[in-house]
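Participant: Pasting in a structure now, in structure tokens, and then I'll have a few things to ask.
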Amino acid sequence: MRKKRKNNIKIVLFTIFILFYVSLLFSQSYLEKKEYDQIIKIYEKKDYKRAYQRFKGFIEKYSSTYYLSDVVFYLALLEKNYYSSILLYKELITRFPKYEKADEAYYRLAKLYLLHNNYSESLRTFESLNKEYKKSNYLYGSDYYTGLIYLIKKDYSDSLKFFNRVIKQKKTDKFYILSLIGKANILFEKKKYDQSIDIFKETLNLKDRNYYPSAFFGLGNNYYKLKKYDKAYYYLKRIIKEFPGSSEYELAMEKINFIKDNKTIFDQINWDKYKPEERPLQKQKIDLYSIQIASVKNKRFANDWRIKLKTAGYSTFIKSIKTKEGVFYRTCVGKYEKRSDAEDVLKKIKYDFKLEGTIITIK
């Protein structure tokens, strides 16, 4: 009888212990979720610096957390250091291949490689994304960026293949328009000027003014090659008149000044149909703010950065500066009347691409 009573006491004590342990786990899980949700709210308010610090503290506090894959993803997203961000994305896709955002991690990792000129790794990562996640929503953007890489490498055949895959879907979004522009530029390089013109005009028909400067400049270049200088001037002039803050502004101004200084070409244009103010213009001398991303002696390197930032939706241009050490080429983003506007864009660039930049004043 006494032995039975002792066994009952042990069972009661064991049950109490189990209940206590379960309640402790439940309490910890509740606190864990509550803290995680708080950090997500901070992130959604775009207080990225604070969110980053809180995520780091969270992972140190709960090293085996249920939210580990999510926390690693957000740390990779918020990490300012390019190499650290890459390591985090690689850790995520290696440890959590079935994570719901693993395809996005592949996509962002490939874009990071692209933005830092590592084209081979970028291509490999985009290929892995296509292979492992055949139903991913990121395959569409992956096709565009793969086409862009081949375009940069001047592999026009493969570039055209991927641009056509995007165009075929006819989603009429930014990737669709950028793929049309990419295809038009390839046709220009292949000296198929009439076909290139048709596609540039197709982009104008979509009525998205964000891409008008690229289309106008492409049309201007094509008509110039066809020696239709009237039409070339018309489209270049529209950039100067309507888009003074665009990345194509400086290039259009150079071309127009060349037309103005070349008497043979100048005399072939019927200036009577243009108002005096619509004839060749001198560069506007207005103090504006811009964001300097790079300042290098190699113009090709500066232009690579210009193209990459432009494809991400930023207005970019190159400005040459003469110094005692020689000519430097600055890759710049935007032209802003207010410094605060430039600072807002710089914050976004730092967040999106792990790039540092400097606010400068330009004429």
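The values are calculated or read from the model by the stated rules, or taken from the named source; none is laboratory data. Keep in mind that this is a model prediction, so the values were computed, not measured. Every residue, glycine as well, gets a Cβ built from its backbone with ideal geometry; the counts of neighbours run over all protein chains shown.
Participant: Tally time: how many residues in region 304-335 are surrounded by 19 or more Cβ atoms within 10 Å (Cβ to Cβ) and either part of a helix (DSSP H, G or I) or touching a Cys at 6+ places or on another chain (Cβ under 7 Å) (or both)?
Facilitator: 8
Participant: When you look at ILE318, is it over 22 Å from PHE216 (Cα atoms) and at pLDDT 85 or above, yes or no?
Facilitator: No.
Participant: Residues that are among the polar types (S, T, N, Q) and under 19 Å from the mean Cα position of the chain (by Cα): does region 188-201 have at least one?
Facilitator: Looking through region 188-201, none of the residues is among the polar types (S, T, N, Q) and under 19 Å from the mean Cα position of the chain (by Cα).
Participant: Hey, any hits in region 138-158 for a residue that's crowded, with 19+ Cβ neighbours inside 10 Å, without any contact (Cβ under 8 Å) to a residue 60 or more places away in the chain and in contact with a Lys or Arg (Cβ under 6 Å, 6 or more places away or on another chain)?
Facilitator: Yes, region 138-158 has at least one match.
Participant: Return a yes/no flag: does region 50-70 have any residue that is crowded, with 17+ Cβ neighbours inside 10 Å and within 20 Å of the chain's Cα centre (by Cα).
Facilitator: No, there is no match, as no residue in region 50-70 is crowded, with 17+ Cβ neighbours inside 10 Å and within 20 Å of the chain's Cα centre (by Cα).
Participant: Follow-up. Give me the pairs: first residue in region 342-361 and closer than 22 Å to VAL296 by Cα and touching a residue at least 12 places away in the same chain (Cβ under 8 Å), second residue assigned to a helix (DSSP H, G or I) and of a type outside the set (A, V, I, L, M, F, W, C), beta-carbon distance under 6 Å, and six or more apart or on different chains, which are they?
Facilitator: Pairs found: LYS354/TYR82; LYS354/SER85.
Participant: While we're on this one: Go through (1) farther than 30 Å from TYR113 by Cα; (2) surrounded by 14 or more Cβ atoms within 10 Å (Cβ to Cβ); (3) at pLDDT below 85 one by one and return the number of the condition ILE239 breaks.
Facilitator: (3)
Participant: Another question, then. Taking region 336-363 as the search range and keeping residues that are closer than 25 Å to LYS111 by Cα and of a type in the set (D, E, K, R), which one is surrounded by the most Cβ atoms within 10 Å (Cβ to Cβ)?
Facilitator: By that ranking, first place goes to LYS354.
Participant: Let me ask another. Working carefully through the options SER136, SER85, SER122, SER142, find the one that is small (Gly, Ala, Ser) and either over 30 Å from ILE59 (Cα atoms) or in contact with a Pro (Cβ under 6 Å, 6 or more places away or on another chain) (or both).
Facilitator: SER142
Participant: Give me the pairs: first residue in region 306-334 and within 28 Å of SER179 (Cβ to Cβ), second residue of a type in the set (Phe, Trp, Tyr), beta-carbon distance under 6 Å, and six or more apart or on different chains, which are they?
Facilitator: ILE318/TYR329; THR331/TRP305; CYS332/PHE317; VAL333/TYR314
Participant: Restricting to region 166-181, what's the tally of residues that are surrounded by fewer than 17 Cβ atoms within 10 Å (Cβ to Cβ), touching a residue at least 12 places away in the same chain (Cβ under 8 Å) and not in a loop (DSSP other than H, G, I, E, B)?
Facilitator: Within region 166-181, residues that are surrounded by fewer than 17 Cβ atoms within 10 Å (Cβ to Cβ), touching a residue at least 12 places away in the same chain (Cβ under 8 Å) and not in a loop (DSSP other than H, G, I, E, B) number 2.
Participant: A follow-up question, please. Give me the pairs: first residue in region 77-106 and more than 14 Å from LYS354 (Cα to Cα) and of a type in the set (Ser, Thr, Tyr), second residue modelled with pLDDT of 90 or more and assigned to a loop (DSSP other than H, G, I, E, B), beta-carbon distance under 9 Å, and six or more apart or on different chains, which are they?
Facilitator: From region 77-106, the pairs are TYR106/TYR133; TYR106/SER136; TYR106/TYR138.
Participant: Right, ASN205: under 25 Å from ASP143 (Cα atoms) and in contact (Cβ under 8 Å) with a residue 40 or more places away in the chain or not?
Facilitator: Against the criterion (under 25 Å from ASP143 (Cα atoms) and in contact (Cβ under 8 Å) with a residue 40 or more places away in the chain), ASN205 does not qualify.
To keep it simple, each residue is scored yes or no on (1) modelled with pLDDT under 95; (2) part of a loop (DSSP other than H, G, I, E, B).
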{"residue": "LEU112", "(1), (2)": "yes, no"}
{"residue": "GLU121", "(1), (2)": "no, no"}
{"residue": "ARG124", "(1), (2)": "no, no"}
{"residue": "LYS134", "(1), (2)": "yes, yes"}
{"residue": "GLY141", "(1), (2)": "yes, no"}
{"residue": "THR146", "(1), (2)": "no, no"}
{"residue": "LEU151", "(1), (2)": "yes, no"}
{"residue": "LYS154", "(1), (2)": "yes, yes"}
{"residue": "LYS183", "(1), (2)": "no, no"}
